[in-house]
1. Which one is surrounded by the fewest Cβ atoms within 10 Å (Cβ to Cβ) among residues in the stretch A:157-183 that are more than 13 Å from chain B (Cβ to nearest Cβ) and among the β-branched types (Val, Ile, Thr)?
2. Can you tell me how many residues in the stretch C:301-319 are open to solvent by 20 Å² or more (accessible area, probe 1.4 Å) and either at the interface with another protein chain (Cβ under 10 Å from one of its Cβ atoms) or not aromatic (Phe, Trp, Tyr) (or both)?
3. If you check C:20, C:34, which single one turns out to be open to solvent by less than 20 Å² (accessible area, probe 1.4 Å), assigned to a helix (DSSP H, G or I) and more than 11 Å from chain B (Cβ to nearest Cβ)?
4. I'd like the full set of residues that are open to solvent by less than 20 Å² (accessible area, probe 1.4 Å), within 11 Å of chain A (Cβ to nearest Cβ) and not in a helix (DSSP H, G or I), limited to the stretch B:113-148.
5. Among the residues that make up the stretch C:436-454, is at least one of them within 12 Å of another protein chain (Cβ to nearest Cβ) and either among the hydroxyl-bearing types (Ser, Thr, Tyr) or without any contact (Cβ under 8 Å) to a residue 60 or more places away in the chain (or both)?
6. Does residue B:162 qualify as being over 18 Å from residue C:263 (Cβ atoms), at pLDDT 90 or above and open to solvent by 50 Å² or more (accessible area, probe 1.4 Å)?
7. Taking residue C:322 as meeting all but one of (1) more than 14 Å from chain A (Cβ to nearest Cβ); (2) open to solvent by less than 10 Å² (accessible area, probe 1.4 Å), write down the number of the exception.
8. Any idea which of A:141, A:148 is in contact (Cβ under 8 Å) with a residue 12 or more places away in the chain and either open to solvent by less than 20 Å² (accessible area, probe 1.4 Å) or over 23 Å from the mean Cα position of the chain (by Cα) (or both)?
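The values are calculated or read from the model by the stated rules, or taken from the named source; none is laboratory data. Bear in mind the structure is a predicted one, so any value in this text is a computation, not a measurement. Every residue, glycine as well, gets a Cβ built from its backbone with ideal geometry; the counts of neighbours run over all protein chains shown. Heads up: the accessible areas ignore ligands, DNA and RNA and are worked out on the full protein's heavy atoms, side chains in. Shrake-Rupley method; radii C 1.70, N 1.55, O 1.52, S 1.80 Å.
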Amino acid sequence: MSRKANQSMPLTSDAVEPKAGSAAVPVWLVVLLFLLLYGGMVFFDRNGGWFNQQVYAPYHSVAELTSYQLSTSGPDIDQGKVVYESICGLCHNNDGMGKPNQAPPFVGSEWVLGSPNRMIRIPLFGLSGPLKVKGQDWNLAMPNMGAALPDDDLAAVLTYIRQSWGNKASAITPEQVKAVKAEVGSRTLPWSATELNAIP
Amino acid sequence: MNYGPLIFLAAFFAMASSWCGFVLTPQLQVGQLQQTNTLGTTVTYPIPRPGLAQQGLQVYRANGCAYCHSQQVRQSGTVCDVVLAETGTNQPALLASLVKVKPGLSETEARDFIAKLPAPVLRGITKEAADAAAKILNAASAKAQVWIVPVGPDIARGWGKRRTVAEDFLFDSPVMAGSQRIGQDLANVGVRLPDANWHLRHLYAPRLTEKASTMPPYRFLFEKHKIEHNPSPEALVLPAEMAPAPGYEILPKQEARALAAYLVSLRADAPLFVAPLTVAAADAATATNPPAALGAATGNAAPVNAPAK
Amino acid sequence: MSQAPSSPPALAGAPSKIDASCRVPLLLMFICAAVWLVIASAFALIASIKFHSPDFLADCPWLTYGRVRPAYLNALLYGFCLQAGLGVGLWLLARLGRAPLAQPWLVIVGTLVWNLGVKFGIWGVLSGDGTGFQYLDMPGYAAWIMMLGCLLISLSGLLTFHQRRERALFVSQWFVFVALFWFPWTYSTAELLLVTWPVRGAAQVAIWGYYVANLEVTWLALIGLAAIFYFVPKLTRHQLHSHYLALFAFWMLILFGGWSGIPGGAPLPAWMPVLSTAATMLLLVPVVIVAVLIHQTVEGKWTRLMANPPLRFIALGAFAYLLAGLMRVASAGLDLHHPISLTWFAPAQAQLNAYGFFSLVMFGAIYWIVPQLAGMEFASAKLVRAHFWLALLGLLLSVVPLAIGGIVEELRLETSGISFMQVVKTTMPFLRASTIGDLLLGLGHVVFVVNLLGMVVRFYRPRAVSAYAAATMDLCAVKAKP
């Protein structure tokens, strides 16, 4: 094992450790960084759904997602409008704003935009007693205006309420109406707000 | 200046930022998910896998199946179809509106079309166009529906009807979404290949079912059994060159049965709020193709890469 | 033994003293790492052959592809990369701080515990206890043993850093110091939330992506770049061009590395893969910085990087870092519409990163460090050269065909007329080529182990001989006494 064979890898003095110079960061690199940051932000703005956990690619927002919510037999919103204006609008007004001391508004109402299970029960059995709608107190009695409607029509009018005047919520299907009717069975008394709040 | 603690703090904050982003927030958003409703019904989704399928999940994990198979279906966009379900009472108005909605259609073609309903009038269009067309058709007192159709290369390949979402894996642990497609995507294999016996044969000898397959045979999940009185109903049916000696049969071990049960339980095609699609009422249980579109060429709908806006 | 004429051996901060303190622990780490590398290559070769000959060893459940491939990946990452990386990192801290390695027994015990954990882990994976998470396959019982070993080793590193005589910090020390924390933090998070008390549902995919990014992108780069920024200036006898640029790369790496791991098609809300893509694009900056730094340090004269064998390995590793970084950026950019990350392109990129970049840099570092520790050169420079060429050819043959194969596969998968089986058939020639590459890499590793063991034997044999002679002489003397 002569030294001659090891000429290519001499064990040189290894006492000197490297040093680093203090040249400045080039400007073009900082520009590159900002370009990438900007690009990233634009990309996120367009495709990120703004951290909403319901938005999956290729959808861009909950609004876009909602517009695609149709079931197998899509409720007919036009039919819903006809039913609304002949039955519900008499008290709740055709523009959904309600009438003071007569009927609460539908526009932006948490009872409309929330769980369908609650909303379906109201026209089927009526609603009475104190409740809050958009922070305001109401204490009236609504009869079961939707009890006599066929399932299709009730689903259509509820969908119309949930998707008009700026409201954005999922459609309600005749199947859901049937399911609620089966769940509740027979009931003579109208609902109270506390009972409804207990329903998921 | 003692840099040590400063560097430590800075690194800690850097690590904490990605921890908040991809550990804490996913746990808050996705880790707390509960069962949801299948779109348009009160049926909860997903249902937990039956016991044998849960065991099969562990066999899948133990044998590293996720190293070749993915379980993630992608979707590049969503389009709409307009499907005519019923003709209604006013046929002349319907024919007129059909021509309005699909210019270039002749009267005879339209008449032939309405003879075989339900059938799609328009395919692969945007939501606004579909709503407008459906309105025109409905005004002629027919019943036209707008169907939501996810599209993408995976969907065109028949690997799923919609993209996979977090709810599809709610009861699975570990979640093995896979990172390679050396073998087919398995997210909906329970829909494509619902027969557990097919899976057992495939596991024993993949080249029986697909000659060019590079999947390794999993013969160690099976055992050779002496036929006692009668052949077992579970015995694999194999061709002569692979069959065991006379008097013996090949039976799946518990692991093979569990794995087959798991594979058969794999499906992710229920419509959800986060992944809407329209399921034809008649095809609620199985997947079939809608009939050929009016005036369109046969074959799969070409995947549309831009989402319908 | 060491030849450091400029500093008297008695000085505690002399390289010879530092190397003496590092000798036993680091030689142990490097030998263990090298042995794991050979074992990993054996698994890699078996896995590679199974692609075009699926019946190869098919009846042994321990060697089924789904177990042998994670065995390869985990043996490479935890058996070789982490161990060699920690060893090189400790040496860098000791040398740059001009102080001996603190509490070497911590490193020795830590290494033994770590290797025990890896043994259990690989055994667990092969026997079917794998966790199902790629790169985190080792079962919980093994992982926590490894964690203990890592903590012991990191503790020694922290003490070495704390007790440094040279208070001014060279950039490599920043990188290594943070790496000592980074792995335990992220590994324990991942193990706790995925294996010990698993979170529910698809959140596991997010946490898994977080861990993989922190390991593959951040940690490997922290140690790898620490070595590159140390050895390139040192072995070319130039100054590292800019301290600030190197630190800029450091910040980009630790700020954005951990965000880049969520794959595009994951069953997670859109914001997660989108943020990952954006973070990956931002990681272009450290890649560019490394290129600029090396270019400026050698003042444009690339041939200086071929001066000696360790430097050649490191230069090739740096080049691989650039390529792997560009591949990752390309893959993330294309992912939205062309999911190339699900094809062979992704393993090619991972191989180029973990092997082409990190392992080659480790080879270069070890080929420099071990002679310093032992105070003598390698017996055969030819073996070192052979290893270099085997590594280069093996890398070319294993990465390039897979990368091209992945692109071809993606193009064909997007054409709906082509059946899946036809796509599989198309990838076969590329897979065969990559098997040859894996074989060459494996041969290189055998050469590496032989070389290292040879060095250790040559170092300890005179000592053993003289110790034996001393013992027998005493015996003779005792006998001779009347």
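1. Out of the qualifying residues, it is A:161.
2. Final tally of qualifying residues: 8.
3. Working: C:20 fails: open to solvent by less than 20 Å² (accessible area, probe 1.4 Å).
It is C:34.
4. Once the filter is applied, which keeps residues that are open to solvent by less than 20 Å² (accessible area, probe 1.4 Å), within 11 Å of chain A (Cβ to nearest Cβ) and not in a helix (DSSP H, G or I), the stretch B:113-148 yields B:144, B:146, B:148.
5. So the first thing to find is which residues in the stretch C:436-454 are within 12 Å of another protein chain (Cβ to nearest Cβ), and the list is C:451, C:454.
Retained after the next criterion (residues that are either among the hydroxyl-bearing types (Ser, Thr, Tyr) or without any contact (Cβ under 8 Å) to a residue 60 or more places away in the chain (or both)): none.
Within the stretch C:436-454, none of the residues are within 12 Å of another protein chain (Cβ to nearest Cβ) and either among the hydroxyl-bearing types (Ser, Thr, Tyr) or without any contact (Cβ under 8 Å) to a residue 60 or more places away in the chain (or both).
6. Values: over 18 Å from residue C:263 (Cβ atoms): yes; at pLDDT 90 or above: yes; open to solvent by 50 Å² or more (accessible area, probe 1.4 Å): no.
The answer is no for residue B:162.
7. Against the list (1) more than 14 Å from chain A (Cβ to nearest Cβ); (2) open to solvent by less than 10 Å² (accessible area, probe 1.4 Å), residue C:322 comes up short only on (2).
8. Working: A:148 fails: in contact (Cβ under 8 Å) with a residue 12 or more places away in the chain.
Sole residue among the options that is in contact (Cβ under 8 Å) with a residue 12 or more places away in the chain and either open to solvent by less than 20 Å² (accessible area, probe 1.4 Å) or over 23 Å from the mean Cα position of the chain (by Cα) (or both): A:141.
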